[in-house]
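The values are calculated or read from the model by the stated rules, or taken from the named source; none is laboratory data. Because the structure is a prediction, the values reported are computed rather than measured. Note that we place each Cβ from the backbone using ideal geometry, even for glycine, and neighbour counts take in every protein chain shown. Surface areas here come from the heavy atoms of the whole protein model, side chains and all, with no ligands, DNA or RNA. Shrake-Rupley method; radii C 1.70, N 1.55, O 1.52, S 1.80 Å.
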Amino acid sequence: MQGNDHSIVRAVLAGDKEAYGALVRAHSAAAFRVAFRITGNEADAEEIVQEAFLRAYQRLEKFEQRSAFGTWVYRIAVNCALSRMGRPEIEAEYRHGEETDAETKTVQLAAQDADPERVLLGREASAAQEMAMQRLTATEKCAFVLRHLEERSMGEIAEALGVAPNAAKQAVFRAVQKLRRELAPLRGNA
Amino acid sequence: MKHLSEEEQIEMYYGDGSEEARKHLKVCQECAAEFAKFKRSLDAIKSEDVPQRGPDYGDFVWQALRPQLIPYEKKTTGWHGWSWWKLATAAAACLALMTAAFIGGRLWEHRSAGPNDVAGGTNAGNAQPQQRVVLVVLTDHLDRTERLLVQLNHADLRDRSESAQLQTEARELLASNRLYRVSANKEGDPALAGALDRLEGVLAEIANDPHLTAADLERVRKDMNTSGILFEVRVLLTRKPNEEGGPKPAKGVSI
C-alpha cells in the first residue's frame, strides 16, 4: 500500500492530477474519523478532510517518501482540526453545535433503549462527558483524542501536534486529570 | 515502596508504565484497587459514534477537491528529473569550459604582453595607473604648498602660534618636496624642477630656523619672493597632465 502510494505521489508530481484521486479515496475515511473525533461536528469534519487533502496536494513536493502518505495526511488533518478549534468564532459555533448534537444523540439513544432509568443515566453521562471534553483546551482535547480514542503513540501525537514528546505527554496527562475530576461526581452516582 | 502517582497510573493505563510500576501493582493491593477504579473511569470515556461514511465517500471528497487542484508541471527541465549520468555530463562540460576559459585567458595575457612587461613592467598599460597615482600625490603636495604660501603672505607675524604652525607644516613639506624636485630633474622637467627648487628654499628657511620670529618670516617673504613662487605653484596646478612643454606630469614623476 505504502509503495503504491509513493508511486501515485510520483505520478501526481509528474503532472498526473487524476492519480491523486486514488490517494483521496484510500485515506479520506481515516481523516474524517479523526477530524470528527476532535471537532465533534460532522460538517466541520468534512471541511477539514477537504482542507487536509488540498494542503497535502499543495505541499506534495515536500512530502518525504520515507514516511507513509496516510500518516502524513492524517497529521495534516489533525493540524487542520486543531487550528479550526483554536479559532474563537469556530470554537463557539462548534460548542453550540455539540450541544445540539448531544441532544440529538440522546434522543436517538432513547429510542433504542426501552428502560427509562437507563436512558436517563446514559443521557446524563453523555452530557457530562461532552461538557468535560469542552472544558479541555484544543491541544489537550486533540492529544487525548489521539491517545485515548485513536490509540496513537506519544511520538505520533507529538509529531501531529508539532510539539516535543514530553509536551504531548503532559497534554494527555492534563486532559485525563481534568476529565476524571469533572466526571467524578457522575461515577459516584453510578 | 511509594504508591503509584496519577501520572504513573495514566502511563500504566496506556501501556507506557515502567517495569517497576508494573511490579508494584502486582504486590500492592491498595494501588491495584486504586488502579482498577482509575481504569474503570477511563474506560467509561468513549467516543461518540463517528457517523458512518459510505463506500463512495472518497469519491465525494475527490469530486469536491478536483476542480481546486492545479496539475503539477512535468519536471523535464528541473534538476530532479535528471538522471545521475546527465548531471555528471553537465558537470564535466562546465568544468571543461571553465578550464578552457582559464587557459585561454592565460595564453592571451602572455601574447598581448611585450618583452618589457615581463622584465620591468614599464609598458603603457602599467604606466597609466601608476602615472595617475603620482599625479594625485604631486597635486596634493602643490596644494598644501599653495596653502602654506598663502598663509605666509597673509599671516599675522606677531602671532607666535601661527608661526609655529607654519614651521611644522614647512617641515613636513620639505622632505617630500626634495623627492619631487629630484624626480622632476631626472624626468627632464625643468619648469617643475625649478619651481620646486625655489619652493624648497622657502620651506627650508622656515623649517630649519629654531627661533623663528616675525622678522624672520617677513624677511623670507620679501627676500624670497613668496608671492612669485605662489604664482608659479598655481600655474603648475592648472596645467593639464598631458600638456606639452609643461612639467610633463603625464609622464609622471617617479617617487
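Scanning region B:38-49 for residues that are surrounded by 11 or more Cβ atoms within 10 Å (Cβ to Cβ), part of a helix (DSSP H, G or I) and either at pLDDT 90 or above or of a type outside the set (A, V, I, L, M) (or both) returns B:Phe38, B:Lys39, B:Arg40, B:Ser41.
Checked against (1) among the small types (Gly, Ala, Ser); (2) assigned to a helix (DSSP H, G or I); (3) facing chain A (nearest Cβ under 10 Å), B:Ala32 passes all but condition (3). Of all the residues in region A:162-173, those that are part of a helix (DSSP H, G or I) and more than 10 Å from chain B (Cβ to nearest Cβ) number 5. Can you confirm whether B:Gly78 is open to solvent by less than 100 Å² (accessible area, probe 1.4 Å), within 13 Å of chain A (Cβ to nearest Cβ), at pLDDT below 85 and not in a helix (DSSP H, G or I)? Spelling it out, B:Gly78 is indeed open to solvent by less than 100 Å² (accessible area, probe 1.4 Å), within 13 Å of chain A (Cβ to nearest Cβ), at pLDDT below 85 and not in a helix (DSSP H, G or I). Does B:Leu179 satisfy being modelled with pLDDT of 80 or more and open to solvent by less than 70 Å² (accessible area, probe 1.4 Å)? Judged against the criteria, B:Leu179 is not a match. For region A:112-123, the count of residues that are at pLDDT below 85, open to solvent by less than 70 Å² (accessible area, probe 1.4 Å) and either part of a helix (DSSP H, G or I) or within 11 Å of chain B (Cβ to nearest Cβ) (or both) is nonzero. The lone criterion from (1) surrounded by 21 or more Cβ atoms within 10 Å (Cβ to Cβ); (2) at pLDDT below 90 left unmet by A:Ala45 is number (2). Among the residues of region A:82-90, are any within 14 Å of another protein chain (Cβ to nearest Cβ) and at pLDDT 70 or above? Checked region A:82-90: no residue is within 14 Å of another protein chain (Cβ to nearest Cβ) and at pLDDT 70 or above. Do we have A:Lys105 as buried (at least 16 other Cβ atoms within 10 Å of the Cβ) and at pLDDT 90 or above here? Taking the combined requirement at face value, the residue does not satisfy it. No other residue among B:Glu200, B:Glu205 is open to solvent by 60 Å² or more (accessible area, probe 1.4 Å), at pLDDT 80 or above and in a helix (DSSP H, G or I) apart from B:Glu205. Specify the residue that is farthest from the chain's Cα centre (by Cα); the eligible residues are those in region B:51-65 that are at the interface with another protein chain (Cβ under 8 Å from one of its Cβ atoms) and surrounded by fewer than 17 Cβ atoms within 10 Å (Cβ to Cβ). Once the filter is applied, the top-ranked residue is B:Pro51.
Scanning region A:3-23 for residues that are in a helix (DSSP H, G or I) and open to solvent by 10 Å² or more (accessible area, probe 1.4 Å) gives A:Gly3, A:Asn4, A:His6, A:Ser7, A:Ile8, A:Arg10, A:Ala11, A:Leu13, A:Lys17, A:Glu18, A:Ala19, A:Ala22. If you check A:Ala26, A:Ala45, A:Ala56, A:Ala30 for being of a type in the set (A, V, I, L, M), in contact with a Lys or Arg (Cβ under 9 Å, 6 or more places away or on another chain) and part of a helix (DSSP H, G or I), only one passes: A:Ala45.
Selection within region B:1-29: residues that are part of a loop (DSSP other than H, G, I, E, B) and more than 12 Å from chain A (Cβ to nearest Cβ). The member of this set that is farthest from A:Phe144 (Cα to Cα) is B:Met1.
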